[in-house]
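The values are calculated or read from the model by the stated rules, or taken from the named source; none is laboratory data. Just so it is clear, the model here is predicted, and its values are computed rather than measured. Reconstructed Cβ throughout: ideal geometry from the backbone, glycine too, with neighbour counts over all protein chains shown.
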Amino acid sequence: MIQIFTTGGTIDKQYFDASSEFQIAASLVPEMLQQAGIEGGYRLTELMRKDSLDLDDRDRVCIRDAVVGSEAHRILLTHGTDTMTATAEVLSGVTGKTIVLVGAMQPARMSRSDAEFNLGFAWAAVQLLPPGVYIAMSGGVFEAGRVRKNRAAQRFEPA
């Protein structure tokens, strides 16, 4: 059983008209998994609906507590890309679990989003990787503490 925790971020953003205002909407993760033919083997829990720039230390403690408290040994965590590496660092002390953080540069609701690819890639990674904390983005799997977001190139890369 894979535990999926959602926290918000771009993957679940929904934009409104020309003002470019957004809100974090209900996650499309279940729909994306169903479209990929995955209809079981996971439990989904929404922890919060926040832009990652709005996450604070208390939120990261909440995320860590949920991961530690989960009976699952394989955890998939959707997260905004701006502070994904900070949350991965907080989770790096968790042992005995494979934890994969994933997000998107464009909302899943947009036609040219990387969300579906990233989610599928992370789904495979969480099943195959040994215990540890990883970020699955930009077609790569990176260990916590050894990755950075290159904002100019809009991708993750080794640190």
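Tabulated data for the structure shown
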| item | result |
| --- | --- |
| Region 1-39, subset modelled with pLDDT under 90 and assigned to a strand (DSSP E or B), residue farthest from Asp56 (Cα to Cα) | Phe16 |
| Criterion (among the hydrophobic types (A, V, I, L, M, F, W, C), at pLDDT 95 or above and over 14 Å from the mean Cα position of the chain (by Cα)) met by exactly one of Val94, Val67 | Val94 |
| Checking Gln106 against (1) at pLDDT 95 or above; (2) over 25 Å from Gly41 (Cα atoms); (3) among the polar types (S, T, N, Q), the condition it does not meet | (1) |
| Looking only at region 40-60, and only at residues there that are of a type outside the set (Asp, Glu) and not in a strand (DSSP E or B), the one that is surrounded by the most Cβ atoms within 10 Å (Cβ to Cβ) | Leu55 |
| Within region 45-85, tally of residues that are in contact with a Phe, Trp or Tyr (Cβ under 9 Å, 6 or more places away or on another chain), of a type in the set (Val, Ile, Thr) and farther than 22 Å from Val141 by Cα | 1 |
